[in-house]
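Trainee: The structure that follows is given in the form of structure tokens.
The values are calculated or read from the model by the stated rules, or taken from the named source; none is laboratory data. Note that the structure is predicted; figures quoted are calculated from it, not measured. Here the Cβ positions follow ideal geometry from the backbone for every residue, glycine too, while neighbour counts run over all protein chains shown. These area figures cover heavy atoms from the full protein model, side chains too; ligands, DNA and RNA do not enter into them. Shrake-Rupley method; radii C 1.70, N 1.55, O 1.52, S 1.80 Å.
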Number of protein chains: 2
Amino acid sequence: MAIQNVIPCAPNEITEPNNDVSRLDISKLSVTLTESPKPLLPPEVIRLRFGTTFTDHMAIATYDPSTGWSNPEIKPYAPLMLDPSSSCLQISSSVLEGMKAYLGPDGKARLFRPELNMRRLERSAARLALPPVDGDGTLELIKRLVETEKRWIPTLQGYSLYIRPTIIGTQPGLGLLPSEHAMLCIIASPCGPYFPQGLRPISLLAISETVRAWPGGTGAHKICGNYSPGLVPQRAAAKQGYDQVLWLFGEEKRVTEAGVMHFCVVVTRDDGNGESFDCLHGRYVGGGINLVEGCDFITAPLDGMIIPGVTRASCLALVSDPAFNEAAGLNLHPVERTYTIQDLVEWSSQGKLMEALCIGTAAIVVAVNKIGYEGKDVEVPEHEAGLGPVGMALREKILAIQEGREEYEGWSVVCE
Amino acid sequence: MAIQNVIPCAPNEITEPNNDVSRLDISKLSVTLTESPKPLLPPEVIRLRFGTTFTDHMAIATYDPSTGWSNPEIKPYAPLMLDPSSSCLQISSSVLEGMKAYLGPDGKARLFRPELNMRRLERSAARLALPPVDGDGTLELIKRLVETEKRWIPTLQGYSLYIRPTIIGTQPGLGLLPSEHAMLCIIASPCGPYFPQGLRPISLLAISETVRAWPGGTGAHKICGNYSPGLVPQRAAAKQGYDQVLWLFGEEKRVTEAGVMHFCVVVTRDDGNGESFDCLHGRYVGGGINLVEGCDFITAPLDGMIIPGVTRASCLALVSDPAFNEAAGLNLHPVERTYTIQDLVEWSSQGKLMEALCIGTAAIVVAVNKIGYEGKDVEVPEHEAGLGPVGMALREKILAIQEGREEYEGWSVVCE
């Protein structure tokens, strides 16, 4: 009957092999280069304006139910011609992904765990009854676009080429029917570090009047329609002086996501005698000496209301890795669990809340220094570097892998 | 802080007067007629394919934050040129309305309570942080388009010209920001009766695994993103032999909407002695004689999860009207209340469930003959005419008003 929304993002998840009609055949790629390449942007312009300037080309493929995916094309960036009655405009049958390409020290362009994005794109499209998506073929097309636009990838550390694949339903008509026609459109925009003026923590306003995701809804999928409803609450939070919203859920006010990022907290464990050891600073909260229990790295579970994020999965994997912990001088335990704003309040007041982090493709890892809730602020310790030890270690590790400075579990994939 | 989602649709609700920048100035309308008008469609083609053929023209206006709404245009129907990074494609910043124009016996084109659609359009746009919508100006533009396309309004009873206004965010860029640029696009498609082969009841499959709307969500607004998530459950219901889904909500399995229509039931009241009088057929359920208490006309309240529907509001108004009841030989009491699938099961088993109806702009009023729930069907009495007395009286009254054969409370608005 109705579909199951609780789809965890397992790295090893395999979709069924594509039949012919759903295959995107990269061997048939046609490339038409622009005759008037644009000048590259200076880093300060890239830094200040995310996602407003695009590279010279885009990648396109269209799906027709009788012939399947068309031969993919890379061609000059240009407006799309869409019938006004197109499904994507009338009923928002559109899904998206967000990825980044980095230039490594070897001069090669790299993507970060792109197969996770592709599996998610396949699931998102299925959730909206769009035509079957060939994630592997799409990834090949993305790699070709990245190669074509290689000159656009900034070489400065923390800079990258943001890649935005979308699949939009293009079937004309007002009947409420699955769009049998679709377009895959991949555009790219050079992008700087999330915070132009160096790392700085952000503030969150916890809200429950407006709800991002719901059991049985679409919050676990990257469908385009999930994003515009967050604009009004985001604007309201900004008016109150907060950077982003923290989405609470239900009467118990569960903590879910923050803006369009995942939210995690580092909470020091009790030592079994009711005392808490701050493993980050090597001291007990409230004094005492006992076994070092370390810290929990807590984030909400993939219960159907949380996007199965690539950065989220990567942070959880690193936190589970003894080598990562050892190298960073940490003792972290990954915990995917339901927790509430009241838990946050208590951990903060007990001095157990070591760090609060927002993580995602755009920001990678960002510290949170306060969380507004019911007129008060839940305080989170601030760190001089703009990130605490856990946030900093995760951020540096992920950036090093993304930029090809370190190899880790094959996460960084060369485009060639 | 976060916005309040519970916005009832009050007929007398007045929006604030528009300031200049948000005004759509119909006196500046430019009309460019096509040089190659299309042939009209025969009724059998119109009947069979809803929303696939469009009239010769469309109406367009664009919004720029510095200059406000552009001079509106009526021009030949044509594809829209949209930047691939447009807000409407990337984050589904798009809202819609659905209306019908009828040709009256006086040869004049009429709209049905269009001011309700316009107020709702204003609210929908605000929910997605789109530019301010001038509902009154938009209505004038719709009237001009209807006048321009008058030859497309079929003259057969039950036929009409379906009007689809959309407002889409056209700002290019991938930052998650309100779209400061927008386009109003109004297209029209000749449409036949909902059921080509005469009135017939439909079946519903009650589901709760997938959820259409939730408290704090966007279910009370006509945003485009509300519609594509319903496609997969709809397809699953069809595979099980049901026409539409009945959306249940929460652990208590509240009855909310049906597909993209409202759902109402007619339930006979107890007579105070524990017996039920079937006021529709003038007999007691289970025998006995007592005071005629009539029937409740029950539908879910506007609690933030229900679209404030024009047909819904109109049915409730008619049901409240003693003159309507008297003329139809009915004794109905409008009841906006929360009720559950278990209530439906009980009313059905007690013989109290007289009619179940789906109502909306497209279908007007349609009978439901069974509701699948947990492997069984809740039975609803069937009527030879395809609609019971309540459904038929409402449908005929509304159609008579829409087609200008009857005047009622100024509901039918002439386009001139």
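Trainee: From the residues in the range A:223-250 that are more than 10 Å from every other protein chain (Cβ to nearest Cβ) and surrounded by fewer than 23 Cβ atoms within 10 Å (Cβ to Cβ), which one is farthest from the chain's Cα centre (by Cα)?
Mentor: Filtering first and then ranking leaves A:Gly241.
Trainee: A further question follows. Mind counting the residues in the range B:121-145 that are closer than 19 Å to A:Leu231 by Cα and not hydrophobic (A, V, I, L, M, F, W, C)?
Mentor: 6
Trainee: Still on this structure, please answer the following. Assess whether A:Thr32 counts as being touching a residue at least 40 places away in the same chain (Cβ under 8 Å) and either under 18 Å from A:Ala101 (Cα atoms) or crowded, with 17+ Cβ neighbours inside 10 Å (or both).
Mentor: no
Trainee: Additional query: Answer yes or no as to whether B:Gly274 is surrounded by fewer than 24 Cβ atoms within 10 Å (Cβ to Cβ) and at pLDDT below 95.
Mentor: Spelling it out, B:Gly274 is indeed surrounded by fewer than 24 Cβ atoms within 10 Å (Cβ to Cβ) and at pLDDT below 95.
Trainee: If A:Ile187 meets every condition in (1) outside the structural domain of A:Pro42 (by the TED database); (2) open to solvent by less than 10 Å² (accessible area, probe 1.4 Å) apart from one, which number is that one?
Mentor: Status for A:Ile187: all satisfied but (1).
Trainee: Out of the range A:393-402, which residues are surrounded by fewer than 20 Cβ atoms within 10 Å (Cβ to Cβ) and touching a residue at least 60 places away in the same chain (Cβ under 8 Å)?
Mentor: If the condition is that a residue be surrounded by fewer than 20 Cβ atoms within 10 Å (Cβ to Cβ) and touching a residue at least 60 places away in the same chain (Cβ under 8 Å), then A:Leu399 is the only one that fits.
Trainee: So A:Leu199 fits all but one of (1) in contact with a helix residue (DSSP H, G or I) (Cβ under 6 Å, 6 or more places away or on another chain); (2) away from chain B (no Cβ under 11 Å); (3) open to solvent by 30 Å² or more (accessible area, probe 1.4 Å); what number is the exception?
Mentor: Looking at each condition in turn, A:Leu199 falls short on (1).
Trainee: Select, from A:Ala213, A:Ala206, the only residue that is more than 7 Å from chain B (Cβ to nearest Cβ), open to solvent by less than 30 Å² (accessible area, probe 1.4 Å) and assigned to a loop (DSSP other than H, G, I, E, B).
Mentor: A:Ala213
Trainee: Right, something else. Could you count how many residues in the range A:1-54 are aromatic (Phe, Trp, Tyr) and either modelled with pLDDT under 90 or under 17 Å from A:Val133 (Cα atoms) (or both)?
Mentor: Qualifying residue count, the range A:1-54: 1.
Trainee: Same structure again: Considering only residues that are surrounded by fewer than 19 Cβ atoms within 10 Å (Cβ to Cβ) and more than 8 Å from chain B (Cβ to nearest Cβ), which ones fall in the range A:164-180?
Mentor: Once the filter is applied, which keeps residues that are surrounded by fewer than 19 Cβ atoms within 10 Å (Cβ to Cβ) and more than 8 Å from chain B (Cβ to nearest Cβ), the range A:164-180 yields only A:Glu180.
The rows are residues; the columns are (1) modelled with pLDDT of 95 or more; (2) at negative phi; (3) assigned to a loop (DSSP other than H, G, I, E, B).
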position	(1), (2), (3)
A:Pro196	no, yes, yes
A:Arg200	no, yes, yes
A:Thr218	yes, yes, yes
A:Gly230	yes, yes, no
A:Pro233	yes, yes, no
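Trainee: Shifting gears a bit: Please verify whether B:Thr138 is among the hydroxyl-bearing types (Ser, Thr, Tyr) and away from chain A (no Cβ under 14 Å), treating the condition exactly as stated.
Mentor: Taking the combined requirement at face value, the residue satisfies it.
Trainee: Only one of (1) under 28 Å from B:Arg395 (Cα atoms); (2) within 14 Å of chain A (Cβ to nearest Cβ) fails for B:Ser93. Which number is that?
Mentor: (1) is the only condition that B:Ser93 fails.
Trainee: Looking at (1) assigned to a helix (DSSP H, G or I); (2) hydrophobic (A, V, I, L, M, F, W, C); (3) under 30 Å from A:Glu209 (Cβ atoms), which is the one condition that is false for A:Ile398?
Mentor: (3)
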